[in-house]
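One structure is given below, encoded as structure tokens.
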Ligand code: B12
Ligand code: SF4
């Protein structure tokens, strides 16, 4: 009887490639039970379809991990091909999208089982039941098909992160990820859930709101081992809100300094908690290797923030904490969401002014902008009908939900185009440091610096007609693209919507 389980990770349209943490998490209990794991990540496997079709031949099942959006395209492609080879071969979906929309996902004819929420125990139990051919009814937290009908088992209680097994990092081909990304890095998670409930966020629907975390000693020991063992230069700690316990953060920093850790790391945290860190705290974090704190500023308009349920955010404290971060040598990094319901042109201008003001006052601060994307399970979706949001009625319908190019009933045609051009100008005007290695030559850098000045002028005056600088920047980017490796997940870049407007 086969002991092989195949996992597929579809492309997430970025060259910032590293191993998928969700799959590394569910792999550990399977390995401990004596199963062999084959992990195929589309981003580092040019002939991924053929590889999956070869590997499934002698395996028990295929597991796919995905979030809402373009990852659905390759999921469908792979699942359909596997079903063409053997209509009875079990295909299991896990991760955020199937967790938030289990019924609609399972309705797709090529999906057999969906796992809702944490998958460590559920996946092992599913595999064991598939092998013993016993009924799946006793496996909590899943959905499956019986005689063409969808069956859902009761919810599986959430486990705290301390009770979860370590991730199977040894399955990751870090050499291949480094070839694509230019940097050797990994994701690490040290806490689950977030106590807040922002209207656009789906977290509460999967992990609840009970923040729970690993003790500082475990964080220090695991991260030091991980980075030394695989020669990693950077860890992105993907906790939703790393600073849920400020003392824990301080102890982690002190522990890393004591351990002589030499890797860089970055975290995500809410602006109100970052604001509680003193300059001394930040200096200690910097000494421990912390290089960046990502925060969701989202908008500068009080009206929009209220609609987002972000009343915990205070702008004076954002300015103050940015100043302290810069003084400590840590990059404050902020996300912005444009076009949230209720954002008119006045509110958008307010946000652009805030971004420009921050970047001018704190060189080194950076902003990443997105277009509001209504995700399943987010509180804002309760008002979908009121906002005129067309909610897809099939699994495949969610494939184009992606903050880079989302179209909304109130943001279409010329408005959408104008916002995209403005986002382009924000990118040109102010520097951002991506995870992937900077492959630009000196000439490209100087040219981009030169066009940042007219870009700032345009942003100040809100003028985006004849965007020659954007055209120029695209030409410069093409030069850099030629230096990229052949395997580039950007192939999933937006469909031809930009050209249409
Ligand atoms: C790391 C990360 C990324 C990484 C990698 C994503 C990935 N797929 O691994 C990158 C940078 C690529 C990314 C990109 C984006 N992300 Co992201 N990301 C995260 C983040 C911070 C951590 C994910 C993680 O690794 N967690 C740790 C692992 C261990 O947990 P897990 O993924 O939940 O896995 C568990 C279960 O889901 C399940 N499971 C997972 N896979 C599988 C597979 C099988 C077979 C089974 C059985 C079970 C199973 O078992 C695991 C262990 O319990 C989450 C937030 C979060 N708190 O999780 C957001 C999150 C997943 N991202 C989100 C979003 C919106 C995005 C972007 C759209 C953002 C953007 N502005 O572009 C893009 C979309 C990417 C794309 N093109 O499709 C949303 C997803 C919403 C949704 N409905 O899907 C989240 C939840 C953030 C949020 N708060 O809204 N993201
Ligand atoms: S603070 Fe971040 S993780 Fe928490 S609810 Fe808001 S968006 Fe989600």
> part of a helix (DSSP H, G or I), away from ligand 2 (no atom under 16 Å from the Cβ) and out of contact with any helix residue (DSSP H, G or I) (no Cβ under 6 Å at 6 or more places or on another chain) - does that describe any residue in the range 10-20?
Replying inline: no
>> Suppose we filter 93, 100 for residues that are free of Cβ contacts under 8 Å to residues at least 40 places away in the same chain and within 10 Å of ligand 1 (Cβ to nearest atom); which single one remains?
In response: 93
>> For the range 138-171, give me each residue that is surrounded by 16 or more Cβ atoms within 10 Å (Cβ to Cβ), outside any strand (DSSP E or B) and more than 16 Å from ligand 2 (Cβ to nearest atom).
In response: 139, 141, 153, 156, 164, 167, 168, 169, 171
> Among the residues of the range 317-330, which ones are surrounded by 15 or more Cβ atoms within 10 Å (Cβ to Cβ) and within 16 Å of ligand 2 (Cβ to nearest atom)?
Replying inline: 318, 321
> Looking at this structure, is residue 176 surrounded by 19 or more Cβ atoms within 10 Å (Cβ to Cβ) and either farther than 22 Å from residue 259 by Cα or in contact with a helix residue (DSSP H, G or I) (Cβ under 7 Å, 6 or more places away or on another chain) (or both)?
Replying inline: no
>> Any residue at all in the range 95-103 that's within 16 Å of ligand 2 (Cβ to nearest atom) and within 16 Å of residue 144 (Cα to Cα)?
In response: yes
> Pick from 25, 33, 19, 13: which is over 27 Å from residue 149 (Cα atoms), touching a residue at least 12 places away in the same chain (Cβ under 8 Å) and crowded, with 22+ Cβ neighbours inside 10 Å?
Replying inline: 19
>> Of the conditions (1) buried (at least 20 other Cβ atoms within 10 Å of the Cβ); (2) part of a loop (DSSP other than H, G, I, E, B), residue 393 satisfies every one except a single condition; which number is it?
In response: (1)
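Yes/no matrix, rows are residues, columns are (1) modelled with pLDDT under 85; (2) out of contact with any helix residue (DSSP H, G or I) (no Cβ under 8 Å at 6 or more places or on another chain):
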position	(1), (2)
392	no, no
399	no, no
425	no, no
429	no, no
433	no, yes
486	yes, yes
501	yes, no
>> Being surrounded by fewer than 17 Cβ atoms within 10 Å (Cβ to Cβ), in a loop (DSSP other than H, G, I, E, B) and either at pLDDT 95 or above or under 24 Å from the mean Cα position of the chain (by Cα) (or both): is that true of residue 340 here?
In response: no
>> I'm trying to understand the selection: among the residues of the range 408-459, which are exposed (fewer than 15 other Cβ atoms within 10 Å of the Cβ) and either touching a strand residue (DSSP E or B) at 6+ places or on another chain (Cβ under 6 Å) or within 25 Å of residue 347 (Cβ to Cβ) (or both)?
In response: 409, 412, 413, 414, 432, 457
> Tell me, which residue of the range 229-250 that is assigned to a strand (DSSP E or B) and more than 11 Å from ligand 1 (Cβ to nearest atom) is surrounded by the fewest Cβ atoms within 10 Å (Cβ to Cβ)?
Replying inline: 234
>> It is to be established whether one or more residues within the range 454-464 are touching a residue at least 12 places away in the same chain (Cβ under 8 Å) and within 13 Å of residue 476 (Cα to Cα).
In response: no
> Which residues, taken from the range 460-473, are loosely packed, with under 13 Cβ neighbours inside 10 Å and in a helix (DSSP H, G or I)?
Replying inline: 460, 461, 468, 471
> Given the conditions (1) surrounded by 17 or more Cβ atoms within 10 Å (Cβ to Cβ); (2) at pLDDT below 95; (3) out of contact with any helix residue (DSSP H, G or I) (no Cβ under 6 Å at 6 or more places or on another chain), which single one is not true for residue 314?
Replying inline: (1)
> Any chance the range 195-214 includes a residue that's within 11 Å of ligand 1 (Cβ to nearest atom), part of a strand (DSSP E or B) and under 21 Å from residue 312 (Cβ atoms)?
Replying inline: no
> For the range 251-272, what are the residues that are more than 16 Å from ligand 1 (Cβ to nearest atom) and touching a helix residue (DSSP H, G or I) at 6+ places or on another chain (Cβ under 6 Å)?
Replying inline: 251, 252, 253, 255, 256, 257, 259, 261, 263
> Do we have any residue at all in the range 179-191 that's assigned to a helix (DSSP H, G or I), touching a helix residue (DSSP H, G or I) at 6+ places or on another chain (Cβ under 7 Å) and surrounded by 18 or more Cβ atoms within 10 Å (Cβ to Cβ)?
Replying inline: yes
> When only residues in the range 188-245 that are more than 16 Å from the chain's Cα centre (by Cα) and on the phi > 0 side of the Ramachandran plot count, which is farthest from ligand 2 (Cβ to nearest atom)?
Replying inline: 231
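Table: residues versus (1) closer than 25 Å to residue 458 by Cα; (2) within 14 Å of ligand 1 (Cβ to nearest atom); (3) touching a residue at least 24 places away in the same chain (Cβ under 8 Å); (4) in contact with a strand residue (DSSP E or B) (Cβ under 9 Å, 6 or more places away or on another chain).
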residue	(1), (2), (3), (4)
300	yes, no, yes, yes
313	no, no, yes, yes
326	no, no, yes, yes
336	yes, yes, yes, yes
344	yes, no, no, no
361	yes, no, yes, no
365	yes, no, yes, yes
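The values are calculated or read from the model by the stated rules, or taken from the named source; none is laboratory data. Predicted model, so just to flag it, every value in this text is computed and none were measured. Every residue, glycine among them, receives a Cβ derived from its backbone with ideal geometry; neighbour counts consider all protein chains shown.
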